[in-house]
Structures are given as structure tokens and as C-alpha cells.
Amino acid sequence: MARGRKALDAKTSLKMFLIGKPGSRKSGTAVDIAKLKREDGKPMRVLYIDMENGSIDGYHIDRLMNDGVDMDNIYILYTKDYNEIKEYSERFVKGGYYYEIEEKIDDDSGEVTYSEAYGEEDKLILDGEGKPFIADAIVLDGITVVAEDIKFSAIDLSEDRASIKADLAEKTAKEKRVAVATAGLEFKDYDKLKMHSARLVRDLINKTDRHVIITGRAKTEKKMTKIDGKMTLAETGRDIPEMWENIS
């Protein structure tokens, strides 16, 4: 269904993609959006999805508190699971609520699991005014980590696929080991990896007027170049995102 609005109702939103080498203050720059105000002059409420497990804990939180930012207006989620990040991003686009995440320990195995108390009104995350927390801005911090995890999962799947093919072809144990060890991603796997970035980023860019900041690591671009008559892989001097190929 198309969206519609009168011209004077159009809003300007920040959509930022920050890349840089470690220590280049990507996280600190991203969370500084909490210092801004909404159109009604009230504090910005920020959903901060931390994929690097503590990127703003400590120093940046203390810095924001010293600058007068109400910490109840920042809700931090720690996860690098693509499906969870996608679900929370979709909820952000829709202006949904968030609930406390509870820890559960299995009595027999001792395994620890976490689940959101979804729908339990007394477990609602509240903002600085004591109202249900509805994020005005989202920060996806450290998306390189998610891209790496998805790629590793794809490689594991490729190895399983090679193992099954070897079994069906009645290969010897040695031939099977070689097939699994040399298994690589196929063209269809690369297409799926590209689709992950498209699904996640496209909706945040196109389907909301709220503010979006995504951070990721940078790497130096390398291209095949002819040097002294020989094709050599040389650095271009340009930094590019270290993640999904087409995300930028």
C-alpha cells in the first residue's frame, strides 16, 4: 500500500551510514543523536542495537549523562542475530513498543536463554516521561559483525551441502573430507547474502521518516591493476564497508 501526505507534512530525517577503522569513534558519533530534540522539543528516544557487546557502555554513557541526556530515553539491545535485528528494526519502522528481556535458566542443563516479555504491560520499556518507549531513532552499531556471522553460517551450510552430495555419490571417507574442506560459496549463496543487506537496510531507508544510523568497519579497497606490465592487487587508498558487497 502506498504512503501519502501533504507537502507541508514532509519531514526531514537523518539517514547515516558511518564506516571507519577501529577507534574512529563511530559508536560515539552514532549515539550522540540522543542529544538532539524531536520536532516538539522533547528529547530524542533512541533504540540502540549493539552488535559488538558493549560499544557504548561506560565512557559514552557517562559522557551523555554529563551532557544532561536522560538515560531512560536510550534503550540498548545486545544482539548479533540477524533475525532479531530484523524483527526489532521492523518494529521500529511501525512505531512499536518494547518489553523487558528476561533471563531463564534450565533447571536440568543450566542453559541460559533470553526472551522478551512481549505483551506483558507491566514489563513495558518506558521513556523519560514514563510513557511507552517509542523510538524516534535507531542505531545499528557494528553491522560488520552480523555480516560476518551470516557468511560463516553460509559456509557451514555449504560444507553440509558438500557432505550430502558426497554421501549421495557414495564417495570414500577421504574424498568426502576433501569435498567438505574445499567447499565454497556458490553464486546462489552470494545472492542470498546480498538480499540480507537489502532487506534490512532498504526498509529502514524507505519505509520510515524516523532517523537511522548504521555503523560498520572499513577496509582499504583493493583492485587488480597493471603495474610494470603485471596484474597486481593494489590498494586504491579508498575506504569501503567491510560487510555485504552492496550495502553502501
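Computed quantities for the displayed model
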quantity	calculated
Lone unmet requirement of (1) touching a strand residue (DSSP E or B) at 6+ places or on another chain (Cβ under 6 Å); (2) over 23 Å from Val93 (Cα atoms); (3) of a type in the set (A, V, I, L, M, F, W, C) for Val46	(2)
Residue satisfying all of: in segment 56-71; in a loop (DSSP other than H, G, I, E, B) and open to solvent by less than 30 Å² (accessible area, probe 1.4 Å); farthest from Ala30 (Cα to Cα) among these	Val69
Selection from segment 36-63 of residues that are touching a helix residue (DSSP H, G or I) at 6+ places or on another chain (Cβ under 7 Å) and within 28 Å of Lys207 (Cβ to Cβ)	Pro43, Met44, Arg45, Val46, Leu47, Tyr48, Ile49, Met51, Glu52, Ser55, Ile56
Output for segment 72-106, where each listed residue is open to solvent by 20 Å² or more (accessible area, probe 1.4 Å), under 19 Å from Gly130 (Cα atoms), not β-branched (Val, Ile, Thr) and not in a loop (DSSP other than H, G, I, E, B)	Asp72, Tyr75
Scope segment 107-139; condition open to solvent by 40 Å² or more (accessible area, probe 1.4 Å), among the hydrophobic types (A, V, I, L, M, F, W, C) and in a strand (DSSP E or B); matching residues	Val112, Leu126
Test: residue in segment 17-34 that is of a type in the set (A, V, I, L, M, F, W, C), touching a Ser or Thr at 6+ places or on another chain (Cβ under 6 Å) and part of a strand (DSSP E or B)	yes
Residue within segment 171-186 that is outside any loop (DSSP other than H, G, I, E, B), at pLDDT 75 or above and either within 25 Å of Asp32 (Cβ to Cβ) or among the acidic types (Asp, Glu) (or both) present	no
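The values are calculated or read from the model by the stated rules, or taken from the named source; none is laboratory data. Because the structure is predicted, anything quoted here is derived from the model rather than measured. Ideal geometry is used to build each Cβ from the backbone, glycine not excepted, and the neighbour counts take in all protein chains shown. Note: accessible area is taken over every heavy atom of the protein model, side chains too, but ligands, DNA and RNA are not part of it. Shrake-Rupley method; radii C 1.70, N 1.55, O 1.52, S 1.80 Å.
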